[in-house]
Structures are given as structure tokens and as C-alpha cells.
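Colleague: Let me begin by handing over the structure; questions about it come next.
The values are calculated or read from the model by the stated rules, or taken from the named source; none is laboratory data. None of these values were measured; they are calculated from a predicted model. We place every Cβ from the backbone using ideal geometry, glycine too, and count neighbours over all the protein chains shown.
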Amino acid sequence: MFERVAVIGLGLIGGSIGLAVAEHLPGVATTGYDVDPAVRRRAAERGLAGTICDAPAEAVREADLVILCVPVGAMREAAGEIAGALKPGALVSDVGSSKRSITRALTEALPGQPVIPAHPVAGTEHSGPDAGFATLFHHRWCILTPPAGADPALVTQLASFWRALGSRVEVMDAEHHDLVLAVTSHIPHLIAYTIVGTASDLEEVTRGEVIKYSAGGFRDFTRIAASDPTMWRDVFLANRDAVLEMLERFLADLEGMREAIKAGDGDTMFDLFARTRAIRRGIIELGQDDARPDFGRADHG
Ligand code: NAP
């Protein structure tokens, strides 16, 4: 196991890693750094890392694992800030939601340093240093995307680290990750952002009515559409190709549903709705969500 872990970026994901290490790996020392001094102060109050440092170089100097937990668009800059201060052989990883562009950014910014990108598929719509909690990664997948030539021993070590925090681990290449996540995460966020925007722009339905009758389905979209704007802008900029590919497929299927409604083709609608209901059941059976109407999220406050 790694002995010293540095976390750069102390928001939802970085803070949760720090708290999870303290809970599950108490022998591992953690240091943390965030660009925002107010976040550093709050991180110190909440104990998001054992030592909160005022400079990135100071945070990573002794670390044998460094995890970049900054927005996707800030990864290259964050890597550049630690480049001269890393221990030789220290593993650099990240938690960004798209992997191809980050792999390129990290390997270019950190020549000669081992880099194994990762993506914990766990999160909430909250962000910042108050959002993290130690159990965020429990029973959630963490996808490792080692670049060609990565040391298998380091991949195993990083996988053990994430398992210790409660994650299940999968290894795949970055390109496949970006395609899978485009359809399971990025397009759903795009749809939620768009539908909530559409509803709030409607002139013939008042905003009061949209809020009052939201339990009809809209409410569940608003949770996703409340996600961090910086994070999601960066995800769509970074994973443009895979998102556009999946968006084409989605728009074709949406067009198919429009035709079915226009033609009064109830069978087509029923077949799709029956298939999708089975997928929801599968997700619950796999322990990836909760059958309760609030998805069990009240448990996290
Ligand atoms: P967050 O709560 O906003 O935290 C990110 C923190 O990083 C912010 O405090 C930010 O400060 C700081 N930061 C920005 N640039 C920095 C730099 N160069 N050096 C040090 N700190 C810097 O965001 P998050 O939700 O934890 O997301 C972090 C990463 O996790 C993103 O790459 C995201 O794609 C990935 N991720 C998120 C989720 C999710 O559900 N939220 C799930 C899986 C993975 P400022 O606010 O001042 O910029």
C-alpha cells in the first residue's frame, strides 16, 4: 500500500478521498492542497487531509501517490504545478470524468513520471469542501485507464487503494471509458440540463407550476441539473467526440419516439418502456441504486 498520499483539489471528490483514507487506511498519511485559500481553511477544519499545505509542491514532495481532484479543464495546470516537486517514481493519478484528454495532458506535463488515470464513478450534485463524505465510494465502480506500457504492479497497487476505500475496480482503455461514460453519464446530464432549461423558459407554464408539480418526473432531472457548472462544462469540452457520437444515436432514437407518438404507435412505445423498466431493475439488483423514491439519498443529508 502507498504510505503517503497527496490530494490536489479538496472539493467533493478530493475531500471524500481524504476522509475515506482516514477511515479505511488509518496508517496512510495524507497531505492536501487546494488553489482556494478559503477551501484550504475549511478543509483543515473538516480534517479532509492530515496536513493541509499552502503550496502544491509542498503537498506532493513526500507522496508516493498523488491524486489530482481538480476540474477536468484544470488538470494540465495542476500537473504543471507539481512537476518539479514529485519524488522520482511517485505515481500520479486523477479522478476526472473523461479520460482520453486527461491522459494526454498528464503524460505531457509529467514526462518520466508514472501516470495511471482513474475515474471513480461516484458523486453527488454537491461540490466544494463541505460536500465530501467517507463512504462516497462504497460499492461504486472506479475505472482505471492505464496508458500503454504502464507498470502492471502500479496498476495493481492503485486498484488495491481504491478497493480499500470501498470501490469495485475495473480496468479499461481511455477511449472505451469515454464512450461508455458518454452514454451512462454525460448524455443524461446534457438531457437534464436541457429539459430543466426548456421548462424554465416556457411562457405558457409558470415557473410556480413547474416547481409545484415537479414530482411528475421533472424533480429527478433537477437533481442532476444542479450539478457543478464548471465540472460539466469541462466534461463536454474534454469528451466532445464521444459525446457527439452518442448524441447522434440518442437523437435518432428520440426521432423514432416522435414518429411513434405521431403515428399513434402504442406498441413501439410499450416495448421500449418495458425494456427500460427492466434496466432500472437490473441497476437496483446490482446494488448501484436504491428502489426508494428518494433513491436512499436522504441518508447522506
Ligand atoms: P469540486 O467540489 O468543485 O472541487 C474541485 C476543487 O479543485 C475546487 O476547490 C477548485 O477550486 C480546486 N482547484 C481548481 N484548480 C486547482 C488547481 N490547479 N490546484 C488545486 N486545486 C484546484 O469538484 P469535484 O466534484 O470534487 O470534481 C473534481 C474532479 O472529479 C473533476 O475532474 C470531476 O470531473 C471529477 N468527478 C466528479 C464527480 C462528481 O459527481 N462531482 C464524480 C466523479 C469524478 P476552485 O473552485 O477555486 O476552482
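Colleague: Examine region 129-143 for a residue that is crowded, with 17+ Cβ neighbours inside 10 Å, modelled with pLDDT of 95 or more and in contact with an Asp or Glu (Cβ under 6 Å, 6 or more places away or on another chain), and state whether such a residue exists.
Modeller: yes
Colleague: A further question follows. Kindly check whether there is at least one residue in region 65-81 that is more than 9 Å from the ligand (Cβ to nearest atom), of a type in the set (G, A, S) and touching a strand residue (DSSP E or B) at 6+ places or on another chain (Cβ under 6 Å).
Modeller: Scanning region 65-81 turns up no residue that is more than 9 Å from the ligand (Cβ to nearest atom), of a type in the set (G, A, S) and touching a strand residue (DSSP E or B) at 6+ places or on another chain (Cβ under 6 Å).
Matching residues to (1) farther than 16 Å from D130 by Cβ; (2) surrounded by fewer than 20 Cβ atoms within 10 Å (Cβ to Cβ):
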| position | (1), (2) |
| --- | --- |
| A22 | yes, yes |
| G32 | no, no |
| D36 | no, yes |
| A59 | yes, no |
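Colleague: Oh, and also: Taking into account only those residues within region 82-106 that are charged (D, E, K, R) and touching a residue at least 40 places away in the same chain (Cβ under 8 Å), which is nearest to D228 (Cα to Cα)?
Modeller: So the first thing to find is which residues in region 82-106 are charged (D, E, K, R), and the list is 87, 94, 99-100, 104.
Adding the requirement that they be touching a residue at least 40 places away in the same chain (Cβ under 8 Å) leaves 99-100.
Details: K99: 19, R100: 21 Å.
Going through the qualifying residues, I end up with K99.
Colleague: Which one is surrounded by the most Cβ atoms within 10 Å (Cβ to Cβ), of the residues in region 206-223 that are touching a helix residue (DSSP H, G or I) at 6+ places or on another chain (Cβ under 7 Å) and among the β-branched types (V, I, T)? First the steps, then the outcome.
Modeller: So in region 206-223, the residues touching a helix residue (DSSP H, G or I) at 6+ places or on another chain (Cβ under 7 Å) come out as 207, 210, 214, 218, 221-222.
Now drop any that are not among the β-branched types (V, I, T), which leaves 210, 222.
Details: V210: 15, T222: 17.
If we take residues in region 206-223 being touching a helix residue (DSSP H, G or I) at 6+ places or on another chain (Cβ under 7 Å) and among the β-branched types (V, I, T), then T222 is surrounded by the most Cβ atoms within 10 Å (Cβ to Cβ).
Colleague: Still on this model: Show me the helices (runs of 4 or more DSSP H) found entirely inside region 210-301 where at least 2 residues are of a type in the set (F, W, Y) and out of contact with any Asp or Glu (no Cβ under 9 Å at 6 or more places or on another chain).
Modeller: Numbers: elements: 218-225, 229-238, 240-263, 266-285.
Once the helices (runs of 4 or more DSSP H) in region 210-301 are filtered for at least 2 residues that are of a type in the set (F, W, Y) and out of contact with any Asp or Glu (no Cβ under 9 Å at 6 or more places or on another chain), what remains is 218-225, 229-238, 266-285.
Colleague: Of everything in region 9-56 that's of a type in the set (G, A, S) and more than 24 Å from E125 (Cβ to Cβ), which residue is nearest to the chain's Cα centre (by Cα)? Explain how you work it out, then say what you get.
Modeller: Filtering region 9-56 down to residues of a type in the set (G, A, S) leaves 9, 11, 14-16, 18, 20, 22, 27, 29, 32, 38, 43-44, 47, 49-50, 55.
Cutting the leftovers down to more than 24 Å from E125 (Cβ to Cβ) gives us 22, 27, 29, 44, 50, 55.
Details: A22: 21, G27: 26, A29: 24, A44: 23, G50: 23, A55: 25 Å.
Ranking the qualifying residues of region 9-56, first place goes to A22.
Colleague: Being away from the ligand (no atom under 11 Å from the Cβ) and of a type in the set (V, I, T) is the filter here; which residues of region 82-124 pass it?
Modeller: Hits for region 82-124 are V92, T103, T107, V115, I116.
Colleague: What do you reckon, is A78 assigned to a helix (DSSP H, G or I), of a type in the set (A, V, I, L, M) and either buried (at least 19 other Cβ atoms within 10 Å of the Cβ) or touching a residue at least 24 places away in the same chain (Cβ under 8 Å) (or both)? Show your work before the answer.
Modeller: Values: assigned to a helix (DSSP H, G or I): yes; of a type in the set (A, V, I, L, M): yes; either buried (at least 19 other Cβ atoms within 10 Å of the Cβ) or touching a residue at least 24 places away in the same chain (Cβ under 8 Å) (or both): yes.
Answer is yes for this residue.
Colleague: I would also like to ask the following. Given the options G112, G84, G73, G50, name the one that is in contact with an Asp or Glu (Cβ under 6 Å, 6 or more places away or on another chain) and surrounded by fewer than 19 Cβ atoms within 10 Å (Cβ to Cβ). Before the answer, list the steps.
Modeller: Working: G112 fails: in contact with an Asp or Glu (Cβ under 6 Å, 6 or more places away or on another chain); G84 fails: in contact with an Asp or Glu (Cβ under 6 Å, 6 or more places away or on another chain); G50 fails: in contact with an Asp or Glu (Cβ under 6 Å, 6 or more places away or on another chain).
Being in contact with an Asp or Glu (Cβ under 6 Å, 6 or more places away or on another chain) and surrounded by fewer than 19 Cβ atoms within 10 Å (Cβ to Cβ) holds for just one of G112, G84, G73, G50, which is G73.
Colleague: Considering only residues that are assigned to a loop (DSSP other than H, G, I, E, B) and charged (D, E, K, R), which ones fall in region 154-196? Even if it seems obvious, please write down each step before you answer.
Modeller: So the first thing to find is which residues in region 154-196 are assigned to a loop (DSSP other than H, G, I, E, B), and the list is 165-167, 172-173.
The answer is D173, and nothing else.
Colleague: Do you know which of the residues in region 1-37 that are part of a loop (DSSP other than H, G, I, E, B) and within 13 Å of the ligand (Cβ to nearest atom) is farthest from A57 (Cα to Cα)? Don't jump to the end; show me each part of the working.
Modeller: First pass over region 1-37, keeping only residues part of a loop (DSSP other than H, G, I, E, B): 1-3, 9-11, 25-28, 34-36.
Imposing the further condition that a residue be within 13 Å of the ligand (Cβ to nearest atom) reduces the set to 9-11, 34-36.
Details: G9: 13, L10: 15, G11: 19, D34: 12, V35: 12, D36: 15 Å.
Result: G11.
Colleague: I would also like to ask the following. Return a yes/no flag: does region 164-173 have any residue that is farther than 23 Å from A78 by Cα and either free of Cβ contacts under 8 Å to residues at least 12 places away in the same chain or among the aromatic types (F, W, Y) (or both).
Modeller: Looking for residues that are farther than 23 Å from A78 by Cα and either free of Cβ contacts under 8 Å to residues at least 12 places away in the same chain or among the aromatic types (F, W, Y) (or both), one finds none in region 164-173, hence no.
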